[in-house]
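Asks: What follows is a single structure, and I will ask about it in a moment.
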Amino acid sequence: MPPTRKKPQKSSSAKRVLGGVAYVCLLAAALGIGTFGGWISTSEVGSKLLFSHKTPKEAFGADTFTLLVLGCDEDLQDGTGKVLRKQARSDMMLVVKLDFKNNRITGVSIPRDTECQLPGYHRLKINAYHSIAKKGHEAELTQKAVEFLLPGVKIDRVVTLDFDAFQQVVDLVGGVPINADKALNYEDHAGKLFIHIKKGPQLMNGYNAMCFVRFRHADSDLVRQQRQKQFLVSFKNQVIKNWTKLPNIIDQGVKVIGGSLNSDEIVSMAWFSKTVPAQNIQWGQIPVVDGRGTNLNVDEDKLNDVLAQYYLIDAPAKQAAGATN
């Protein structure tokens, strides 16, 4: 019997939760900025961090920039385990808005089981569009589906995370200390995913850290976000402890985001993120309700309010009108 999925919790309880692994990947180059310059300067990105960088508006050409961040599963051939497609269904979907003018980073996660019917397609889970797209157009089709699902949200760039590089960067810092609040167990033989994490404090290598941030079976997406936040804090501390490896950590962090951003954009974003105060980093989840089987449907009555809460669209007219009275 498949594990029972808990009902989605209210998005308001996800306030201030960072984007977890996606946030780490996007800002990996920012860790250790301004310190240990001799070591950082041996990296191309590190050199720009120290010696020259463009302002966010110069690098991105606008006052705001919105990213769709995807973490994708592999498609494997039954029996052999041969990788048929390295990045198939999108396992994790995050919309991140960088607001350079207001010094703010906000965003929402999209549960992968959320249904979406893009015109011209059957009604599918949102994560399936990446899988059915023509080769080379996966990001493009997924972007269209997300923009259709979230009316008014315009995506500027799609970032597809490389989980292999993610594991390598964790191993590079010597592993990450994590205190698991419960045992996590799940096996997918076809997908070669074997999650066996004990309850309690432990030092996780790259593979186990990847399992820890991706585990969602018998949990809600909100619970997974909380695990990702724990990982983020621990990973950052490990990077600081391993400062002599910063050039390799930075360059590996660039690989994690799959070449979706150039060095000028990465450096500019790194400096920007360093100046953003904690209260200006806000994270939530789109509102959903139970749908068919394990599927979820967007709660249309609450969607615009949530998107406005995280500054992805302008405030609804009725809310804006009330603020002026």
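The values are calculated or read from the model by the stated rules, or taken from the named source; none is laboratory data. All of these numbers come straight from a predicted model, not from anything done at the bench. Don't worry about glycine lacking a Cβ; one is built from the backbone with ideal geometry, like all the others, and counts go over all protein chains shown.
Asks: From the residues in segment 239-263 that are assigned to a loop (DSSP other than H, G, I, E, B) and in contact with a strand residue (DSSP E or B) (Cβ under 8 Å, 6 or more places away or on another chain), which one is surrounded by the fewest Cβ atoms within 10 Å (Cβ to Cβ)?
Replies: Among those that are assigned to a loop (DSSP other than H, G, I, E, B) and in contact with a strand residue (DSSP E or B) (Cβ under 8 Å, 6 or more places away or on another chain), it is 258.
Asks: Quick check on my filter: what residues within segment 58-75 are farther than 29 Å from residue 164 by Cα and either crowded, with 16+ Cβ neighbours inside 10 Å or at pLDDT below 90 (or both)?
Replies: 64
Asks: Same structure, new question: Quick check: anything in segment 128-146 within 23 Å of residue 225 (Cα to Cα) and assigned to a loop (DSSP other than H, G, I, E, B)?
Replies: Within segment 128-146 (the criterion being within 23 Å of residue 225 (Cα to Cα) and assigned to a loop (DSSP other than H, G, I, E, B)), the answer is no, since none of the residues qualifies.
Asks: Which ones in segment 160-177 are of a type in the set (A, V, I, L, M), crowded, with 22+ Cβ neighbours inside 10 Å and either under 15 Å from residue 70 (Cβ atoms) or free of Cβ contacts under 8 Å to residues at least 12 places away in the same chain (or both)?
Replies: Hit for segment 160-177 is 161, nothing else.
Asks: For segment 202-235, which positions are of a type in the set (Lys, Arg), part of a helix (DSSP H, G or I) and modelled with pLDDT under 75?
Replies: Matches in segment 202-235: 224, 229.
Asks: Six or more apart or on different chains, Cβ under 8 Å: which pairs go from a residue in segment 268-287 that's over 22 Å from residue 313 (Cβ atoms) and at pLDDT below 85 to one that's among the β-branched types (Val, Ile, Thr) and outside any helix (DSSP H, G or I)? Could you list them?
Replies: Listed by first residue and then by second, the contacts come to 268/55; 270/33; 271/33; 273/105; 274/33.
Asks: Here's something else I'd like to know. Mind checking which pairs have a first residue in segment 219-244 that is aromatic (Phe, Trp, Tyr) and a second that is modelled with pLDDT of 75 or more and in a helix (DSSP H, G or I), Cβ under 6 Å, 6 or more apart or different chains?
Replies: Between residues of segment 219-244 that are aromatic (Phe, Trp, Tyr) and residues that are modelled with pLDDT of 75 or more and in a helix (DSSP H, G or I), the close pairs are 231/213.
So that you can scan it fast, the table gives a plain yes or no per residue for (1) among the β-branched types (Val, Ile, Thr); (2) touching a helix residue (DSSP H, G or I) at 6+ places or on another chain (Cβ under 9 Å); (3) under 30 Å from residue 57 (Cβ atoms); (4) modelled with pLDDT under 90:
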position	(1), (2), (3), (4)
104	no, yes, yes, no
114	yes, yes, no, no
117	no, yes, no, no
120	no, no, no, no
123	no, no, no, no
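Asks: So which of 305, 314 ends up being at pLDDT 90 or above, closer than 21 Å to residue 99 by Cβ and part of a loop (DSSP other than H, G, I, E, B)?
Replies: One residue alone meets the criteria, 314.
Asks: Within segment 149-198, which residues are of a type in the set (D, E, K, R) and either closer than 22 Å to residue 236 by Cα or outside any loop (DSSP other than H, G, I, E, B) (or both)?
Replies: Within segment 149-198, 157, 162, 164, 171, 181, 187, 188 qualify.
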